[in-house]
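The values are calculated or read from the model by the stated rules, or taken from the named source; none is laboratory data. All figures in this text were calculated on a predicted structure; none of them were measured in a lab. Each accessible area value is taken on the protein alone, full model and side chains, heavy atoms only, with ligands, DNA and RNA left out. Shrake-Rupley method; radii C 1.70, N 1.55, O 1.52, S 1.80 Å.
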Amino acid sequence: MLLVAQLAFCQFSDEQLYMAYMSSDLSLWGQYIDAQDWNTMSHPQRLRLINYEYGYIPVLADQNRMEEAAHYLQQFNNHLSQEQSYLPKATYIAYRSASHAYAYLLDKSKIFSEGMQSFKTAKQALLSDPNNPIALTLKGNVDFYAPKLFGGDKKQAMELFLQAESIMLRDTAFHYLWNLPAIQLCIAQCYEKSGDIPAAIRQAEKTLQQHPHFIYIRQTYLPQLKRRNE
């Protein structure tokens, strides 16, 4: 069983999963997640899986695949509960904040329950460790997307995104992890939503220099920005 688990791990390297993210086709992520045998995985393998579940659920929600998203959200929550003691405290709280945000994505009537709980726990995660890149990313996303009425603040989101990017760039563990290009795209979008299109273009171009296979930025997002800047 251990050999089977190791083979499943090797068949889905971070580089392969990173390239799937670059190509905007995350079907490989679904295959990777479904191929894992939780009971035979080591703790590092479990933590790796949780990070991909964290990234996969909102993609399914964006594609309106709500039943699948709900299935993986339940699985994500179960995995978090089982691995809580092996996760850094700030990372665990940030993932819990994400779980509340995803529950809101699946049912928009839960703005005052799941939505507000996500905002509250995102703040707790950052207080637990102000230099945790997952906590910084999650709090930045909450600040970016939340209405001002509920404490949304795009300027603060930008500061958190930039801090998260700086930490990830210094950590070789993020070299082939989806989290880094995702936060770099968030920075560009934050510039865009703040009305600074030239800065958004510079950020998108910088991201492409580091991730030349990032199809969404190259073929869709950057051309859109340039047309708006004409």
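Just read off the accessible area of Arg228 with the full protein assembly in place, 1.4 Å probe, to the nearest 10 Å².
We get 140 Å² for Arg228.
Using a 1.4 angstrom probe on heavy atoms only, work out the carbon and sulfur share of the accessible area of the chain in %. Write down the numbers at each step before the final one.
Numbers: 6250 of 11720 Å².
Roughly 53 percent, rounded to a whole number.
Per-residue accessible area for His71 at 1.4 Å probe radius, Å² rounded to 10?
About 100 Å², ignoring ligands and nucleic acids.
Rank these residues by their accessible area, most exposed first, probe 1.4 Å: Leu127, Leu208, Leu105.
Putting Leu127, Leu208, Leu105 in descending order of accessible area: Leu127, Leu105, Leu208.
Can you tell me the relative contact order of the chain? Whole percent, Cα pairs under 8 Å, sequence separation 6 or more.
16
Working with all protein chains in place, sort Leu47, Leu149, Leu87 by solvent-accessible area computed with a 1.4 Å probe, largest first.
The residues order as Leu149, Leu47, Leu87, largest area first.
Is it possible to state the helix-based mean residue ellipticity at 222 nm for the chain, with each DSSP H run of 4+ residues giving -39500 (n - 2.57), the sum divided by total residues, to the nearest 500 deg cm²/dmol? What is it? Intermediate values should be presented prior to the final figure.
Details: 12 runs with 162 residues, N = 230.
Helices in the chain give a 222 nm mean residue ellipticity of -22500 deg cm²/dmol.
Taking square-rooted eigenvalues a ≥ b ≥ c of the alpha carbon gyration tensor, is the chain rounded, prolate or oblate, where a/c under 1.5 means rounded and, failing that, a/b exceeding b/c means prolate?
Oblate.
With a Cα-only, solvent-free Debye model of the range 43-154, what are the log10 I(q)/I(0) values at q = 0.12, 0.16, 0.19 Å⁻¹?
Relative scattering, expressed as log10 I(q)/I(0), comes to -0.38, -0.69, -0.97.
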